[in-house]
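Q: The structure that follows is given in the form of structure tokens.
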Number of protein chains: 4
Amino acid sequence: MNELEKLVSDSFHAQGLMRTLGAELALVADGEVHIALPFSPTLSQQHGYVHAGAVTSVVDSACGYAALTKAPAGFEVVTAEFKVNFLRPAIGERFLAIGKVVNAGKLLAVCTGEVRAFTGASAKVVALMQATIVSVGPR
Amino acid sequence: MNELEKLVSDSFHAQGLMRTLGAELALVADGEVHIALPFSPTLSQQHGYVHAGAVTSVVDSACGYAALTKAPAGFEVVTAEFKVNFLRPAIGERFLAIGKVVNAGKLLAVCTGEVRAFTGASAKVVALMQATIVSVGPR
Amino acid sequence: MNELEKLVSDSFHAQGLMRTLGAELALVADGEVHIALPFSPTLSQQHGYVHAGAVTSVVDSACGYAALTKAPAGFEVVTAEFKVNFLRPAIGERFLAIGKVVNAGKLLAVCTGEVRAFTGASAKVVALMQATIVSVGPR
Amino acid sequence: MNELEKLVSDSFHAQGLMRTLGAELALVADGEVHIALPFSPTLSQQHGYVHAGAVTSVVDSACGYAALTKAPAGFEVVTAEFKVNFLRPAIGERFLAIGKVVNAGKLLAVCTGEVRAFTGASAKVVALMQATIVSVGPR
């Protein structure tokens, strides 16, 4: 594990919600982070599909950690706000949330994210995020 | 339980994610729904506060069910998109998500939501949502 | 004119776009600013109603100036992002954009805005904004 | 001019606001529309840069017309909502708004847009949009 991967991995594994949802860190690169989420009925909305909140949780973490890879050393990141469009029902055997930094200023990073649903060989984008992440300096 | 409460309650209790998070339906009124969420470390982000994704999940359900109370009989609702601002860290003993319908058209409802954090006698708004919910007719 | 009104008025009258659209500053209070926009065919979309962009422009300025009333002395404000829902066609003789600060932190202010359309005695909300405004320190 | 170009061009030239801002239709393709905006002091915010509202107006029209190229014959499009992040001050000699359809359902299209600022040979993205557009059937 390189330094960037260790930075993100340590924080990711301290998130109780990621464990509760069954999410796994799949990739850490400079400005891009992937989080995998296997389907589970414990994540469902009323029709058995994955709830928009679970989809949002993993892509929020993916965007936040993508921003963390671009933050100054010793800084932390906090989500200021995000917007998510849900393109179709989140039906799939497994999901992949991809967060990318579009622009990283001193203070604010703008990220885009998407969540893909996989069933057999088929892959479909189910959600699209645009997020603003704040860097918070060491106290 | 009146008819509106039964409609929302049946759907709410079919959401696996709400059970996983420990969320409870707190109030159902015409155009307004409240969902309570007690703090649990299983909902945390890396500092031990409640993760933005958990906060979003309950206020998304609150807005969706508020829209359902305004939908034509036999229709279901689906979240098309939402935007959430996080005003401060979600620190508290318990949380209340409040979803309200601002405008209900034939097809689309616009809702606003907020999440309040309670610690002892103190209450603070930690998140603000603006959402678009689609009504889907019976098939 | 008090100091707050002068601060906002000076900046408002330096905005070429507000003059181009025919917008007028209607009210400046601590944390709340109103901007009036009379109907003009120069603001139209393809059906003759007021274009979403003109509606957005005035409520963005209203939210930005509401944030300015809460910013530290000598600071300026910049819109980081906003989201707008359009509830119905912007049909009216005149419009009023209302921007309010919901939460003002050191760095970021969260504002909500709405635009009301007036025709005779009737008033209807046509747009709803949720915005994040950044305070920028003196250089 | 092909049929798609004529459809968009006729509607674009009926928008009073586009004429007021000095915007020009630059490209119409299946699922993608470009609108050019030369700098003018009539579009400014208080520092002389282009106002967020003018930037938003052209990228909203670009997204709406991109959605129109995917709408069923005889349908019109209306913006339900959008969210815009402003990445840097809109400083430039000319601007290009690019709207693209990401997903077109029967009723709702999700579009992404961006606005690029050009100064000499330099080009920078100044704004990022994510929008929901509704198709409205012939009456």
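Q: Just give me the residues in region A:49-63 being facing chain B (nearest Cβ under 7 Å), more than 14 Å from residue A:24 (Cα to Cα) and open to solvent by less than 10 Å² (accessible area, probe 1.4 Å), in sequence order.
A: Listed by number, the residues that qualify are A:51, A:53, A:56.
Q: May I pose another question? Restricting attention to region C:78-91, which residues are more than 10 Å from chain D (Cβ to nearest Cβ) and β-branched (Val, Ile, Thr)?
A: Hit for region C:78-91 is C:91, nothing else.
Q: Evaluate the following for residue B:100: is it open to solvent by 30 Å² or more (accessible area, probe 1.4 Å), modelled with pLDDT of 95 or more and on the phi < 0 side of the Ramachandran plot? Full working, then the answer.
A: On the way: open to solvent by 30 Å² or more (accessible area, probe 1.4 Å): yes; modelled with pLDDT of 95 or more: yes; on the phi < 0 side of the Ramachandran plot: yes.
Considered against the rule, which asks whether it is open to solvent by 30 Å² or more (accessible area, probe 1.4 Å), modelled with pLDDT of 95 or more and on the phi < 0 side of the Ramachandran plot, residue B:100 comes out as yes.
Q: Something else about it: Identify all residues within region D:111-125 that are surrounded by fewer than 23 Cβ atoms within 10 Å (Cβ to Cβ) and not polar (S, T, N, Q); write none if there are none.
A: Our first condition is that a residue be surrounded by fewer than 23 Cβ atoms within 10 Å (Cβ to Cβ); within region D:111-125, this holds for D:112, D:114, D:116, D:118-125.
The answer is D:114, D:116, D:118, D:120, D:121, D:123, D:124, D:125.
Q: Is it the case that residue B:69 is touching an Asp or Glu at 6+ places or on another chain (Cβ under 7 Å) and either surrounded by fewer than 19 Cβ atoms within 10 Å (Cβ to Cβ) or on the phi < 0 side of the Ramachandran plot (or both)? Reasoning before the result, please.
A: Working: touching an Asp or Glu at 6+ places or on another chain (Cβ under 7 Å): yes; either surrounded by fewer than 19 Cβ atoms within 10 Å (Cβ to Cβ) or on the phi < 0 side of the Ramachandran plot (or both): yes.
So residue B:69 passes the test.
Q: Let me ask something additional. For region C:44-53, state whether one or more residues are touching a Gly at 6+ places or on another chain (Cβ under 9 Å), polar (S, T, N, Q) and either within 17 Å of residue C:113 (Cβ to Cβ) or in contact (Cβ under 8 Å) with a residue 12 or more places away in the chain (or both).
A: no
Q: Pick from region A:32-48 the residues that are in contact with a helix residue (DSSP H, G or I) (Cβ under 6 Å, 6 or more places away or on another chain) and open to solvent by less than 40 Å² (accessible area, probe 1.4 Å): which of them is farthest from residue B:53 (Cα to Cα)?
A: Pass one, region A:32-48, residues in contact with a helix residue (DSSP H, G or I) (Cβ under 6 Å, 6 or more places away or on another chain): A:32-33, A:35, A:37, A:41-44, A:46.
Now restrict to residues that are open to solvent by less than 40 Å² (accessible area, probe 1.4 Å): A:33, A:35, A:37, A:43-44.
Working: A:33: 17, A:35: 14, A:37: 14, A:43: 12, A:44: 14 Å.
Here the answer is A:33.
Q: Another question, if that's okay. What residue, among those in region B:6-31 that are within 19 Å of residue B:114 (Cα to Cα), without any contact (Cβ under 8 Å) to a residue 40 or more places away in the chain and of a type outside the set (A, V, I, L, M, F, W, C), is most open to solvent (accessible area, probe 1.4 Å)?
A: Across region B:6-31, the extreme among qualifying residues is B:24.
Q: In this structure, does residue C:119 turn out to be of a type in the set (S, T, N, Q) and touching a helix residue (DSSP H, G or I) at 6+ places or on another chain (Cβ under 9 Å)?
A: Details: of a type in the set (S, T, N, Q): yes; touching a helix residue (DSSP H, G or I) at 6+ places or on another chain (Cβ under 9 Å): no.
The answer is no for residue C:119.
The values are calculated or read from the model by the stated rules, or taken from the named source; none is laboratory data. These figures come from a predicted structure and were not determined experimentally. All Cβ positions, glycine included, derive from the backbone under ideal geometry; neighbour counts span all protein chains shown. Protein only, heavy atoms only, side chains kept; ligands, DNA and RNA dropped before computing areas. Shrake-Rupley method; radii C 1.70, N 1.55, O 1.52, S 1.80 Å.
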